[in-house]
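All remarks here apply to the structure that follows.
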Amino acid sequence: MAGVQQDLPIHEVELDRGNPRIRRFLEHYEGEITDDRIALALDVAGDNGDDSKGAISPDRLRNSILANRGIIQPIIVNRGADGRKVCIEGNTRLYIYRQFHSDGVPGDWSTIPAIVHDLLEADGLDAIRLQAHLVGPRSWDAYSKAKYQWELHYKHMMPLDRLVDLCGGDRRDVQKSINAYADMEEHFRRLHGPEDYYDTQRYSGFVELQNNKVKTAIYNANFTLDDFAGWIKSGKIGSLASVRQLPRVLGNKNAKAVFLKKGLKAALDTIEQPDIGADLRSASMGQLSLALREKVEGLPFSELQRLRANPDEDVVRHLADTFDALKSLLSNLGQLDDDG
Amino acid sequence: MHARLVQQLIAHVKRVHVPERGLLVLADHESFGRNSPPRINGFTPDLFASDLPATFEILGEAKTMGDLQTDRSHRQIAAFLDYLAVRASSRFYLCVPPLSKVRATSILRSLMRPEHESVLVEVLDGT
């Protein structure tokens, strides 16, 4: 299945009405399916804020294309028997080119790099879509992304503004990522000998450390980031999400003493022993799981937004701890996929 | 007036602080979109800047004189100084309208406690 690379005029290529992601949003729409309607579907479909699997929001993609003055990976186009060219892969990128062109954004957006196939059968179309979206490129883990950003900026002197633009325009994201990586390498790495296993999964603890309340609490309690790294390595901080609870613990004399002796979880238990009552204690794991699921599924949107804006709330920590415990249990039961 | 003072604050910080690899600036200004400063001890400054990885941090606040004399502004500035006091090579800028520098400096000095001694502070005369 070989295609030919060409620069195609943007209005010669049609957005793909058969693309499942677009169809999902348009199947209940009764009016004429115009390119504008498809574009709307692409924006809605793409902007789910989840880039954990390598997806990227239209906004960040737009910024990245702009910073790079074009796309790196050509879109994929099928030329049918009637000569029509349909975009099989890269509809959002094509739409962004059209937007830039019509908005007069500086640069040449009139043509787009494309791999053009001729007369692909349904089979071939599906193979391309499946490989692009179901298998997809393998996303880097957070530590590797941070390491690469740090290397570009610190070792190879890429100017900060350029790096931020290429990464989609969010300065706080880049800031958190580079500072977390630098803190981990400076304070955690030195606790490891040449033969020791360096657990890069602990990186997320250093991301949590970038919360300014956490760092301030560590300094105010006369500890250092070397101490923090030691707590991560020794397991005194087990659940990395609970790092954001450090200010409460370090600000409480008793809890601080328990933390230094037994760890963060025990320290948090001294601060608050929520009364969960005899009825809840005697309920079975099945009953509690069903009740929790019912609560989660019935969570009002307003409450979801409130919790999202207040990640330090106890309920968020309890949920994170429960999630960790469940993950560990299900993994032991052989009921968890490798990628979680 | 406030937006103009913030703009001057941003321009000053960018002119004075020029690390080799570039300066990270987050500001509460329309040209910065979502790149706004983080909340610090319950208050959001008008400007946050640092190099990356961070070896220094800068907070900046623009105030009209009326605003600068309120309790809320005093708590806000004290909160920023508390934050900076435990960080190395930190600096606080206060940008005020023209001819207010002397009065603003006096207010700022009165808010500084001994533990803020390590923070470099500067009052900028806006135009």
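A compact table of results
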| read-out | value |
| --- | --- |
| Region A:97-104 - phi-based ³J(HN,Hα) in whole Hz, Karplus 6.51/-1.76/1.60, Gly and Pro as x | 4, 4, 4, 4, 5, 6, 7, x |
| Restricting region A:62-131 to trypsin sites (Lys or Arg not before Pro) in coil, as DSSP defines it, with at most 14 other Cβ within 10 Å | A:R69, A:R84 |
| Unit charges on C-beta of K, R, D, E only; dipole of the protein assembly as shown, Debye | 1680 |
| Dipole magnitude (debye, nearest 20) for region A:4-135, charges at Cβ of Lys, Arg, Asp, Glu | 280 |
| Three-way shape call for region A:203-268 based on the alpha-carbon gyration tensor, with the a/c threshold at 1.5 | rounded |
| Contact order normalised by residue count of chain B, Cα under 8 Å, 6+ apart, percent | 24 |
| Measure of compaction for region A:284-332 (Cα Rg per 2.2 N^0.38 Å) | 1.26 |
| Cross-link table A:K213/A:K256; A:K215/A:K262; A:K236/A:K265; A:K145/A:K233; A:K147/A:K236; A:K233/A:K262, entries beyond 19 Å C-alpha to C-alpha | A:K215/A:K262; A:K145/A:K233; A:K147/A:K236 |
| Loop GluC sites (Glu not before Pro), region B:26-127, which have at most 11 other Cβ atoms in a 10 Å radius of their Cβ (DSSP) | B:E117 |
| Relative counts (whole %) of C-alpha pair distances in region A:61-200, using bins that are 10 Å wide | 10, 28, 27, 20, 11, 4, 0 |
| Amide N proximity, region A:1-41 versus A:A132 label position 7 Å along Cα-to-Cβ, cut-off under 12 Å | A:14-22 |
| Calculated from backbone phi, Karplus (6.51, -1.76, 1.60) coupling profile of region A:86-91 in Hz, x at Gly/Pro | 10, 7, 8, 9, x, 4 |
| Along chain A, longest interval not containing exposed chymotrypsin sites (Phe, Trp or Tyr not before Pro), exposed being DSSP loop plus at most 16 other Cβ atoms within 10 Å | A:199-340 |
| Cα gyration tensor shape of region A:4-135, rounded if a/c is under 1.5, else prolate or oblate by comparing a/b with b/c | rounded |
| For region A:142-271: rounded, prolate or oblate by the Cα gyration tensor [a/c cutoff 1.5] | prolate |
| Rg/Rh (Cα only; Kirkwood hydrodynamic radius) as it applies to region A:253-340 | 1.01 |
| Built amide H within the under 5 Å cut-off of A:E89, gap 5+ | A:I76 |
| Zero-based 20 Å bins, Cα pair distances in the protein assembly as shown, whole percents | 19, 45, 32, 5, 0 |
| Selection from A:V105, A:A266, B:T70 lying farthest towards where the dipole of the protein assembly as shown points positive, charges on Cβ | B:T70 |
| Counting all C-alpha pairs of region B:2-125, share separated by more than 27 Å (%) | 10 |
| Built amide H within the under 5 Å cut-off of B:A62, gap 5+ | B:D46, B:C95 |
| Radius 12 Å from Cβ of A:R129, net charge of other residues (Lys, Arg +1; Asp, Glu -1) | -2 |
| Cβ-based charge dipole, the protein assembly as shown, positive-most Cα from A:T322, B:T55, A:Q287 | B:T55 |
| 0 to 90° range, to nearest 10: angle between helix A:171-183 axis and chain A longest Cα axis | 50 |
| Around B:V25: net Lys/Arg minus Asp/Glu count, Cβ-Cβ under 13 Å | -1 |
| Helix-only mean residue ellipticity at 222 nm for chain A, each DSSP H run of n ≥ 4 adding -39500 (n - 2.57), per residue, nearest 500 | -15000 deg cm²/dmol |
| Lys/Arg +1, Asp/Glu -1 at C-beta; region B:2-125 dipole; positive extreme among B:F92, B:P114, B:A3 | B:A3 |
| Environment charge of A:G80, counting only residues whose C-beta is closer than 14 Å and scoring Lys/Arg +1, Asp/Glu -1 | -2 |
| For chain B, calculated [θ]222 nm from helices alone, where every DSSP H run of n ≥ 4 adds -39500 (n - 2.57) | -11000 deg cm²/dmol |
| Per-residue HN-Hα couplings for region A:142-147 [Karplus 6.51, -1.76, 1.60; θ = phi - 60°; Hz; x = Gly/Pro] | 4, 5, 5, 4, 5, 4 |
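Only the coordinates and a few stated rules stand behind these numbers; no lab work does. Owing to the predicted nature of the structure, the values given are computational and were not obtained by experimental measurement. Neighbour counts run over all protein chains shown; Cβ positions are idealised from the backbone, glycine included.
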